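Accompanying notes for the structure given below.
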Amino acid sequence: MAAEFDLNLFSVYRIKGQEWPALPGLLAATPPRRAARSRRGDNLVIYLTLSGNTPFSSSEYNKITSQMAERFYQNPGALTSALRATAETLNQALVERNMGSTGRGQFILGRLIVGVLRGAQFIFVQCGPTHVYHLTSEKAEHVHDTQISGRGLGFSQTTPLYFSQVDLQPGDLVVLCAAPPSSWDGALQNERSLPLLDALRRKLLTLTDEDLNAVLIQAQVGSGKVNIVQTFKPTQEIPTRAPEPVSTRQASQPAQAVPASSPDLMPAPAPAAGSSPEQVEPPIDHTEKEAALPPPSFSISPQAAQELSAQATPPHTHVIKPGRFVRPMGSSRPPSAPAEGAAALPEPEEGFRPSRTVAPRDTSNIPDISRPASRRRTDLFRWLAKGLQAGRGFFQSISNSVRKVLPRLLPGHQEGETQVMSGSTMAFIAIAVPLLIVTVAAMFYSRYGRASQYDENFGLAVQAAVGAIGQTDPVVVRHAWESTLYYLDKAEAYQVTQDSQTLRWQAQAELDNLDRIVRLEFHPAIISGLDKTIQVSRMAASEADLYLLNAAGGNVLRAMRTNQGYEIDPEFQCAPGTYGDFTVGQLVDLVALLNSNLYNNATLLGIDATGTLLFCAKGLEPRAVPLETPGLGWKSVSAFTLDADSNTLYVLDPTGSAAWSYFWVKDKFEDPNLFFGEQVPQAMNTAMDLAFRGEDLYLLFQDGHVAACVGGGRCVDPDPFTDPRPGHLSGATISDAVFTQMLFAGPSDPSLYMLESMTRAIYRFSARPDALNLQGQFQPTVDQRKLLFTTPVTAMAVSPNRYIFLSLDNQVYYATDIP
């Protein structure tokens, strides 16, 4: 869709009564040259606020927001997927930082709003209890839901998301705020007409004296640009004055620096008013700490003092701290009255943003200032000198001893003779002695230093585990056990003990219980392994056989179960080719036939992209049977499934936006019918897989959502997921999973299994047309995930006797005893 509006962004940023034009954490970005194809029309707005007790500078704000924008424009998926990845980038960075500072009691909580302008729509996602107000000429809309958007980012590996969108009209105003004062909410929601931007800004500033952090957005007809406008002058200026000339009488007294407040030196605070009960206090302002420090002392010569007294400091510069200057937002001296001996500076134009740098100055006439050495620094250098001298004496004594002893050990030495040491011997000593010292030091560190590091980190792990005991908030419990594993990883980098392994098992079991994970012990399925040229894309299993679809050749391999595992059957034939009067292309899907007598003793059924079926069996030549072409014709078949109870075949043609059903009559499937009737699910061209049970057909889409269609044509799209895990939200998708395959195991198992290839997990759901209820998930053991399951899973299968099969890296693994 072509862009129709421009968005102009104005910051409302006030700290301790001082308003600043630049808001840390605010970023507007346009698509770069190498953006993903689906991102080339997306204009991005990022509004980030951080609170906690850990400093976060403006440069760190810029770095993390730039990384988020880069992640967004590199994501080729749907818009919701790109927004999710952007928020996860920030959450992961904050989680890692919080875990590293848990032992010191430091943490950071992030609140985030990420928006995208598309035509006349502003689509955005909220993370944490943030607020969005949309003001139009007809109404005022407030977008805020703490239950969905969560407490914020940095607490858990799970990223809470709340997606919304607003339709823009010329002149509309949008207000983004992390924690608005209590007086703002009523003022904004009671707006009955669209106010002027400047009037609204002045109103919001005068409603409260608290610190403020917000963004005002104005929509105007344009070409889809997003601009950060900084035209507002500060509401309160910083009075400054030129320092008095330094006299020779005052030269011996310390010169005090004038402190100044600067947003570059402090994190963006979250206002206390209107915040949630769990919100923490903002970190301490570093400028207050700097003002409390004793001023540096200087020693200056009388000549230098006389030269300095004749000069005046420019009235528009003042000192933040030694060595750093900024140009202030204003001065108490009027422009018509410059300091004596100094030229008057031009008055900045309205809308001018003061620079944080000053022009180069002529320093040739500035006298040298001598600084007396610090007592601490003098003591440090004195101790270093003593240490170096002692080390030099130690090496010299060893060298002298070797010089005396070594000649006596050499043959042919007589008393009274002067033995001259050769150059090679001296070189050997020069090399051997440092190596000996390094070896002894390494042995000492290995024995004592590593144990000390282990004890320290293991103690922190125990402390984090104790913090989980007695807690009722699942989010706090999860964070405590994740911190336990974090410190155990650091401790076991030095040594592994029975205590650390026991605590690790307990922490992992608690986290698995929160996430409903069942760990299974997997074993290699194929005895001799698979050839490196085989790429398994689909699998099907019966009680005795396992069938593998090779995507590289479009053929199917059969593996027979033995006492040692599964063995490939070299005589099994099921591959593309010409059979009788019909030609079969590369197979795209397969189904294991449980009732082989019904299908002329065939045990496997495959299908190619043109709708031609291939019946295969051990010891028999494959038989090709083309399906009757439906009225709309075939576009590209990608998947199919068979309902064993009714002997009905369901074929998915996503390119043709259709799913067809065929009934088994005598020796073939015939009578094609469009399953949807008049109601077709949206985005059918992105459908990936399908499964059927009873009268319900389930379709899986690329973004991870599922549509359920009941016989007769009524569809629920999307079929909502119910996620009972703490910290996870129910909705159209599972927050931590994007599924790639789905299946029903057999008549005796009503559960729907779905594959998450990236996390190497199989999710199990109780399937109903109105909801998919999460029952749990199966994953390999932690050790197997680290050693064997290091790449994405390409295919899964579940046999009627409850065997689970996973394929990856030219190998297939299986697990038994599924609960």
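The table that follows gives values for the structure above.
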read-out	value
All positions within the stretch 21-65 that are modelled with pLDDT under 85 and aromatic (Phe, Trp, Tyr)	PHE56
Pair list, Cβ < 6 Å and 6+ apart or interchain, from the stretch 112-130 residues that are more than 16 Å from CYS177 (Cβ to Cβ) to residues that are assigned to a loop (DSSP other than H, G, I, E, B) and open to solvent by less than 10 Å² (accessible area, probe 1.4 Å)	VAL116/ASP42; ALA120/LEU168
Selection from the stretch 563-600 of residues that are open to solvent by 20 Å² or more (accessible area, probe 1.4 Å), in contact with a Pro (Cβ under 7 Å, 6 or more places away or on another chain) and either in a strand (DSSP E or B) or among the hydroxyl-bearing types (Ser, Thr, Tyr) (or both)	TYR579, PHE582
Residues satisfying the stated conditions in the stretch 162-210, i.e. open to solvent by 60 Å² or more (accessible area, probe 1.4 Å), within 24 Å of VAL114 (Cα to Cα) and among the hydroxyl-bearing types (Ser, Thr, Tyr)	SER182
Residue list for the stretch 705-741, restricted to those being open to solvent by less than 10 Å² (accessible area, probe 1.4 Å) and more than 26 Å from PRO474 (Cα to Cα)	VAL706, ALA707, ALA708, CYS709, GLY713, ASP719
Residue check, MET68 touching a helix residue (DSSP H, G or I) at 6+ places or on another chain (Cβ under 8 Å), at pLDDT below 90, part of a helix (DSSP H, G or I) and buried (at least 18 other Cβ atoms within 10 Å of the Cβ)	no
Criterion (closer than 19 Å to LEU690 by Cβ, assigned to a strand (DSSP E or B) and open to solvent by 20 Å² or more (accessible area, probe 1.4 Å)) met by exactly one of THR641, THR655, THR610	THR641
Filter result for ASP42 (more than 30 Å from ASN457 (Cβ to Cβ) and crowded, with 20+ Cβ neighbours inside 10 Å)	yes
The stretch 14-29, residues that are surrounded by fewer than 16 Cβ atoms within 10 Å (Cβ to Cβ) and at negative phi	ALA22
Test: residue in the stretch 71-80 that is under 16 Å from THR159 (Cα atoms), outside any loop (DSSP other than H, G, I, E, B) and not charged (D, E, K, R)	yes
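Rundown of residues vs (1) open to solvent by less than 40 Å² (accessible area, probe 1.4 Å); (2) assigned to a helix (DSSP H, G or I); (3) at pLDDT below 80; (4) out of contact with any His (no Cβ under 8 Å at 6 or more places or on another chain), yes/no style:
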| residue | (1), (2), (3), (4) |
| --- | --- |
| VAL405 | no, yes, yes, yes |
| GLU415 | no, no, yes, yes |
| GLN419 | no, no, yes, no |
| ALA430 | no, yes, yes, yes |
| GLY449 | yes, yes, yes, yes |
| VAL466 | no, yes, no, yes |
| ALA480 | yes, yes, no, yes |
| LEU488 | yes, yes, no, yes |
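Each row is one residue, and each column tells you yes or no for (1) crowded, with 22+ Cβ neighbours inside 10 Å; (2) polar (S, T, N, Q); (3) free of Cβ contacts under 8 Å to residues at least 40 places away in the same chain.
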residue: SER748; (1), (2), (3): no, yes, no
residue: ALA761; (1), (2), (3): yes, no, no
residue: GLN784; (1), (2), (3): no, yes, no
residue: MET796; (1), (2), (3): yes, no, no
residue: ILE804; (1), (2), (3): no, no, no
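The values are calculated or read from the model by the stated rules, or taken from the named source; none is laboratory data. Treat the numbers as computed from the prediction; the structure is a model and nothing was measured. Positions of Cβ are backbone-derived with ideal geometry, glycine not excepted, and every protein chain shown enters the neighbour counts. SASA here: full protein model, heavy atoms, side chains in, ligands and nucleic acids out. Shrake-Rupley method; radii C 1.70, N 1.55, O 1.52, S 1.80 Å.
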